[in-house]
1. Any idea which of (1) in contact with a strand residue (DSSP E or B) (Cβ under 9 Å, 6 or more places away or on another chain); (2) farther than 23 Å from residue 38 by Cβ is the one residue 124 doesn't satisfy?
2. Tell me the residue from 142, 105, 157, 136 that is without any contact (Cβ under 8 Å) to a residue 12 or more places away in the chain and hydrophobic (A, V, I, L, M, F, W, C), please.
3. Among the numbered criteria (1) over 12 Å from residue 122 (Cβ atoms); (2) under 18 Å from the mean Cα position of the chain (by Cα), which one does residue 182 miss?
4. Residue under question is residue 118, and the condition is that it be surrounded by 16 or more Cβ atoms within 10 Å (Cβ to Cβ), small (Gly, Ala, Ser) and under 25 Å from residue 49 (Cβ atoms); does it hold?
5. Checking residue 178 against (1) touching a Gly at 6+ places or on another chain (Cβ under 9 Å); (2) buried (at least 18 other Cβ atoms within 10 Å of the Cβ); (3) among the hydrophobic types (A, V, I, L, M, F, W, C), which single condition isn't satisfied?
6. Would you mind finding the one in 140, 116, 85, 103 that is of a type in the set (A, V, I, L, M), farther than 17 Å from residue 46 by Cα and out of contact with any Cys (no Cβ under 7 Å at 6 or more places or on another chain)?
7. State all residues of the range 15-46 that are on the phi > 0 side of the Ramachandran plot and either exposed (fewer than 14 other Cβ atoms within 10 Å of the Cβ) or touching a Phe, Trp or Tyr at 6+ places or on another chain (Cβ under 8 Å) (or both); if no residue qualifies, say none.
8. From the list 194, 165, which one is modelled with pLDDT of 90 or more and not basic (Lys, Arg)?
Amino acid sequence: MAFAQFIGSGLSKFRALPSALWLAEAKFKGVECARDVRLVGRPLISRAPGSRLIFGRGVQINSALRSNVLGCFQPSVIRTLTPRAVLELQPDVGVSATIIVAALAIVIGEGTNIGAGAMIIDNDFHAPQGEWGWTAENHAGARPVKIGRGVFIGARAIILKGVTIGDRAVIGAGAVVARDVPANATAVGNPAAIRRNLKSET
């Protein structure tokens, strides 16, 4: 192993040491954590009283600058906004510098990987009020998001409210997904369009 690689490997292990501290903070905030959850860097986590925020076995959440090959330009942000909200990362989900915010329900299936800077939201955050104003209401129009198992979501993709993504789908970098994506499909673009079915090519 080259000297630079040796030093890099050592620094990576050193950066992972605070993971236990960030995990303890998450549990203190009421996050339900299974075993082997790893937080690399400090994520921004907030849980509305009464809501459920669940990290399954082997979940990894990257927030440190060097914890992802693309670099994490911001911490991961994981929040529930209302008492009835459920946000679940199932076993072996991996996220990097990702924003996931639930007012109703977001479930991300086992083994799914989410690229740097992606956003997954189930609500609009605001609603029109009066002639030109806006309320901070985030639950009335919320619709659940369900992401299947083994999905890959590319960097800076955006998954909007009400979307279901099937198992083993691939969402291209920068895609804006406002409609359902079938299992084994690839979706790219803004608005995202289905380009090919992975199973049909095997």
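The values are calculated or read from the model by the stated rules, or taken from the named source; none is laboratory data. Quick caveat: nothing in here was measured; it's all calculated off a predicted structure. A quick note on method: Cβ atoms are made from the backbone with ideal geometry, for glycine too, and the neighbour counts reach across all protein chains shown.
1. So the condition that residue 124 fails would be (1).
2. Working: 142 fails: without any contact (Cβ under 8 Å) to a residue 12 or more places away in the chain; 105 fails: without any contact (Cβ under 8 Å) to a residue 12 or more places away in the chain; 157 fails: without any contact (Cβ under 8 Å) to a residue 12 or more places away in the chain.
Only one candidate passes the filter, namely 136.
3. (2)
4. no
5. Evaluating residue 178 over (1) touching a Gly at 6+ places or on another chain (Cβ under 9 Å); (2) buried (at least 18 other Cβ atoms within 10 Å of the Cβ); (3) among the hydrophobic types (A, V, I, L, M, F, W, C) leaves (2) as the failure.
6. Values: 116 fails: out of contact with any Cys (no Cβ under 7 Å at 6 or more places or on another chain); 85 fails: farther than 17 Å from residue 46 by Cα; 103 fails: farther than 17 Å from residue 46 by Cα.
Of the residues listed, the single one that is of a type in the set (A, V, I, L, M), farther than 17 Å from residue 46 by Cα and out of contact with any Cys (no Cβ under 7 Å at 6 or more places or on another chain) is 140.
7. Step one: filter the range 15-46 for residues on the phi > 0 side of the Ramachandran plot, giving 30, 36, 41.
Hits for the range 15-46 are 36, 41.
8. Numbers: 194 fails: modelled with pLDDT of 90 or more.
None of the others qualify; the one that does is 165.
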